[in-house]
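What follows is a set of notes on a single structure, which appears directly below.
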Amino acid sequence: MQMKKLKLPLLFLGIFYSIAIWRYLATGKAFYLVNFGYIGTALALGIFLFDALPREKFGLARRLSQVLIGAYMLGYVGLVGGENMQIEGFWFYLFSGVFAGATLHYFIAKIAGPFVFSRGWCGWACWTAMFLDLLPWKKPARPTSKPWMRLRYLHFFMILAAAVYIFFVLGDRSAAGDRSVELAWLLAGNVAYYAVGLSLAAILKDNRAFCKYLCPIAVFMKVGARFSLMKIRIDADKCVDCKLCEKSCPMQVPITAYKDRGGRVASTECVLCFTCTKVCPQMALDLSSRPGRCGLTRRGGR
Ligand code: SF4
Ligand code: SF4
């Protein structure tokens, strides 16, 4: 077994097991050991299999992590535990001063985490994308519309405004204290996301259309993703400009545009799915892990 193949899975195991122990020592709750231990193991397993499986089956590895983590977060923590893991829940818990699972989840996966693993959450663990990635439009049929991508920001601020209004103006605190109300918010939010996500994918022939145009979570994540330690890197000496990577990229990242900019694919749209690294016939793409500001000098990319 090559050590290189184990490096990334072991790194993620280390990160998540450290968080598990930190939260356990801080709170005395064994739940954190199970929760973060499980998520770290599911992620590490998927990353390991991504390299270990035969080339034509690499997509199954990421699917496995998505299902293991997405179903656990939505099914167990959300539906069984009655915690609203949607973004509305995050705001309500934050306003109430309740340090619930949703608060910690947002902090680790969507606010601090992207400084390390970019938008890896979107590629490997999101419970909305868990279904969207099963649809048949893996290679988008048309170019991404940049103006329409701004809808995500509108969505984000509309949700924030609604949460502020409900919590502070109406004085309704039930969304962060009454389990049945939290559950109702969770169900309503997810039904809406799935309905819109599936419809957009079918209309635009693009599995990830919801991620590109409407998902408010991306607004959080793009901040850290810009400075992320982990990025895809393109080797300009190996690349023959066949564009197979760009044609296979579910997020339509203009990968080759970064060849002359140090090779790091700075785009904050990249969800680190690693599909491009597998389809490149020249093996010109790899994961780069080094600190630094990314994307601030880019031209033409996103
Ligand atoms: S698939 Fe590889 S060789 Fe082709 S354009 Fe992309 S990086 Fe270059
Ligand atoms: S650039 Fe590569 S790793 Fe990033 S989203 Fe596109 S295919 Fe996935």
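The values are calculated or read from the model by the stated rules, or taken from the named source; none is laboratory data. Since this is a predicted model, take the numbers as computed values, not measurements. Please note: Cβ atoms are built from the backbone with ideal geometry, for glycine as well, and neighbour counts cover all protein chains shown. These accessible areas exclude ligands, DNA and RNA; they are computed on the full protein's heavy atoms, side chains included. Shrake-Rupley method; radii C 1.70, N 1.55, O 1.52, S 1.80 Å.
The set of residues from the range 89-117 being of a type outside the set (Phe, Trp, Tyr), open to solvent by 20 Å² or more (accessible area, probe 1.4 Å) and part of a loop (DSSP other than H, G, I, E, B) comprises 97, 98.
Could you list, in sequence order, all residues of the range 284-302 that are more than 23 Å from residue 43 (Cβ to Cβ) and modelled with pLDDT of 95 or more? Walk me through it before giving the result.
Just the residues of the range 284-302 that are more than 23 Å from residue 43 (Cβ to Cβ), to begin with: 284, 292-293, 295-302.
284, the sole residue that qualifies.
Out of everything in the range 176-217 that is within 18 Å of residue 249 (Cα to Cα) and among the aromatic types (Phe, Trp, Tyr), what residue ends up being least open to solvent (accessible area, probe 1.4 Å)? Result: 210. Go through the residues of the range 223-233 one by one and say whether even a single one is in a loop (DSSP other than H, G, I, E, B) and within 10 Å of ligand 1 (Cβ to nearest atom). No; the residues of the range 223-233 include none that is in a loop (DSSP other than H, G, I, E, B) and within 10 Å of ligand 1 (Cβ to nearest atom).
For residue 41, the conditions (1) surrounded by fewer than 16 Cβ atoms within 10 Å (Cβ to Cβ); (2) farther than 30 Å from residue 174 by Cβ; (3) of a type in the set (Val, Ile, Thr) all hold with the exception of (1). Pairs needed: first member in the range 248-272, in contact (Cβ under 8 Å) with a residue 60 or more places away in the chain; second member anywhere, near ligand 1 (Cβ under 10 Å from one of its atoms) and charged (D, E, K, R); C-beta distance under 8 Å; at least 6 residues apart or different chains. Within 8 Å, the pairs are 252/246. The single condition among (1) within 16 Å of ligand 1 (Cβ to nearest atom); (2) under 22 Å from residue 142 (Cβ atoms); (3) part of a loop (DSSP other than H, G, I, E, B); (4) of a type outside the set (Val, Ile, Thr) that residue 215 does not satisfy is (1). The criterion of being hydrophobic (A, V, I, L, M, F, W, C), out of contact with any strand residue (DSSP E or B) (no Cβ under 8 Å at 6 or more places or on another chain) and in a helix (DSSP H, G or I) holds for residue 187. Taking the listed residues 263, 224, the one that is under 15 Å from the mean Cα position of the chain (by Cα), over 23 Å from residue 132 (Cα atoms) and surrounded by 17 or more Cβ atoms within 10 Å (Cβ to Cβ) is 224, with no other qualifying. Taken as a whole, the structure places residue 281 among residues that are of a type outside the set (Ser, Thr, Tyr), open to solvent by 40 Å² or more (accessible area, probe 1.4 Å) and at pLDDT 95 or above.
Among the conditions (1) within 24 Å of residue 77 (Cα to Cα); (2) aromatic (Phe, Trp, Tyr); (3) under 20 Å from the mean Cα position of the chain (by Cα), the only one that residue 167 does not satisfy is (3). Selection of the range 236-258 for residues being near ligand 1 (Cβ under 8 Å from one of its atoms) and open to solvent by 50 Å² or more (accessible area, probe 1.4 Å) yields 238, 240, 241, 242, 243, 244.
The one condition from (1) in a helix (DSSP H, G or I); (2) under 19 Å from the mean Cα position of the chain (by Cα); (3) within 13 Å of ligand 2 (Cβ to nearest atom) that residue 245 does not meet is (2). Scanning the range 48-61 for residues that are open to solvent by 20 Å² or more (accessible area, probe 1.4 Å) and part of a helix (DSSP H, G or I) gives 48, 49, 51, 52, 55, 56, 57, 58, 59, 60.
So if I check each of 270, 276, which one is among the hydrophobic types (A, V, I, L, M, F, W, C), near ligand 1 (Cβ under 8 Å from one of its atoms) and open to solvent by less than 50 Å² (accessible area, probe 1.4 Å)? Give the derivation first.
Numbers: 270 fails: near ligand 1 (Cβ under 8 Å from one of its atoms).
After applying the criteria, what remains is 276.
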